[in-house]
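The structure appears right after this line, and notes come after that.
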Amino acid sequence: MPKRTSWTDNANHPHVNESEFIARLRGLATHPAARGLMDDAAVLDLGGQGLVLTHDMLVEGVHYLPDDPPHSVAWKLIAVNMSDLAAKGAKPLGVMLGFSLTGGDDWDEAFVQGLDEALTYFNVPLLGGDTVSMPAGAPRALGLTAIGAASIREVPSRTGAKPGDLLFVSGALGSSGAGLAILRDNPTPEVPEAAALIDAYRRPMPDMALGQVLAPFVTAMADISDGLLIDARRIAEASCCAASIDIAMVPLSPDFVALRGNSTQDRLFAATAGDDYRLLFAVDPSRRAEIEVVANSQRAQLTKVGRFAEGAGLSIHEGEHALPLPSRLGYLHG
């Protein structure tokens, strides 16, 4: 149940799929800040200072479970937008909320409490927004616009990867997807590992500080919202390169391994589940040592999972052995 992370990512239409809808929008989004709708945020140049803008939505039953606690829904709404800013190396300046009133006063109150907690944690102010009333029984639809200040002039995008670049990911993958699977199959697990995975799903922790430190060293960067494979393919397509990923290198958390394992299928699950909100970035091999210094200084887990090459498309392998692409690379609307 992952979400997408911008106009590039959020189209949902009963007859036109996501990619087709975005293609129709590209003719309208001609301003340079829109980056051709090939990125996961807009970057407005204010005379040398980049203003990063992103907007995300969460819809009940699509991006979160109907019985997810409202305070965790509020946290997730803030966190996934902060993840977009992290992928641009941006410092949060503020957010604007779009909220649907459905008559559930207790739910709304708990949501506000969770919103307060998340705003405080990420040190970002609420600047305004809008509320609307929904018909009885309609699913909740929540939106958030996040505004950030770029930390460098050349704000990272999806389009800068080059043949020969290495592909890295921050943190571990698959924990959120495993947590969602637990909630669907067994909503009241009693083992600590399950609780940790559920927490990863409900309370993602984007790499805010890491994104700002990495920004000067990367050639391309995005966050993993829909899954490693599909988001790596998006970087490859935007950069006019081919990408290959070594499934054996997909990093897993100890809690994930304890409950699911670390087989090829487990790693493929982690690479396609989405909702991880980790950073995915390309680096010139000559800067690998600098990336390792960044990892040490930030006490961050950075793992090389692949590389870019001449050509197009995505391929996967496990060590020296080529693997077929799974039928599903990640989450897609439509």
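The values are calculated or read from the model by the stated rules, or taken from the named source; none is laboratory data. All figures in this text were calculated on a predicted structure; none of them were measured in a lab. Positions of Cβ are generated from backbone atoms using ideal geometry, with glycine treated the same way; all protein chains shown enter the neighbour counts. All accessible areas refer to the heavy atoms of the entire protein, side chains included, with ligands and DNA or RNA removed. Shrake-Rupley method; radii C 1.70, N 1.55, O 1.52, S 1.80 Å.
Filter the chain for me: DSSP H helices, axial length by Cα at least 24 angstrom, mean Kyte-Doolittle hydropathy not below 0.0. List them by residue number.
Length and hydropathy pass: 70-87.
A simple spin-label model places the labels of LEU127 and THR264 5.0 nm from each other, with each point 7 Å out along Cα-to-Cβ. A probe of 1.4 angstrom, applied to the heavy atoms of all protein chains, finds TRP107 with accessible area near 40 square angstrom.
Solvent-accessible surface of the stretch 144-296, averaged per residue with a 1.4 angstrom probe and all protein chains in place: 35 square angstrom.
When the trypsin sites (Lys or Arg not before Pro) in the stretch 293-334 are filtered for DSSP coil states and for at most 16 other beta-carbon atoms within 10 Å of their beta-carbon, the remaining sites are ARG299, ARG328.
For the set HIS31, HIS317, HIS55, HIS63, the ranking by accessible area, highest first and with no ligand, DNA or RNA atoms included, is HIS31, HIS55, HIS317, HIS63 under a 1.4 Å probe. Ordered by 1.4 Å accessible area with all protein chains kept, ASP116, ASP56, ASP106 run largest first as ASP106, ASP116, ASP56. Element breakdown for the stretch 277-326 at a 1.4 angstrom probe: carbon and sulfur atoms account for 49% of the accessible area.
Counted residue by residue at 0.36 nm each, then reduced by the alpha carbon distance between them, the extension gain from GLU310 to ASP67 reaches 82.8 nm. Based on C-alpha pairs under 8 angstrom that are at least 6 apart in sequence, the chain has a relative contact order of 22 percent.
Projected over all directions and averaged, the alpha-carbon convex hull of the stretch 71-159 occupies 6.5 nm². Mean-square fluctuations from a GNM of the chain, with a 10 angstrom spring cutoff on Cα atoms, peak among LEU44, LEU25, LEU142 at LEU25. The residues of the stretch 72-141 have, on average, 43 Å² of accessible surface per residue, using a 1.4 Å probe with all protein chains present.
Does the stretch 142-242 classify as rounded, prolate or oblate by the C-alpha gyration tensor (a ≥ b ≥ c root eigenvalues; a/c under 1.5 gives rounded; else a/b over b/c gives prolate, otherwise oblate)? In terms of gyration-tensor shape, prolate.
What part of the accessible area of the stretch 139-228, given as a whole %, is carbon or sulfur when the probe is 1.4 angstrom? Whole-percent figure for carbon plus sulfur exposure: 55.
Each residue was assigned an accessible area with a 1.4 Å probe, and for THR131 the value is about 80 Å².
Label-to-label distance, VAL293 versus THR159, with points set 7 angstrom from Cα along the beta-carbon direction: 3.0 nm. So which GluC sites (Glu not before Pro) in the stretch 98-172 are both in a DSSP loop and have at most 15 other Cβ atoms within 10 Å of their Cβ? The qualifying sites are GLU154.
Note on the chain: helix-only mean residue ellipticity at 222 nm, from DSSP H runs of 4+ residues weighted -39500 (n - 2.57) and normalised by residue number, equals -10500 deg cm²/dmol.
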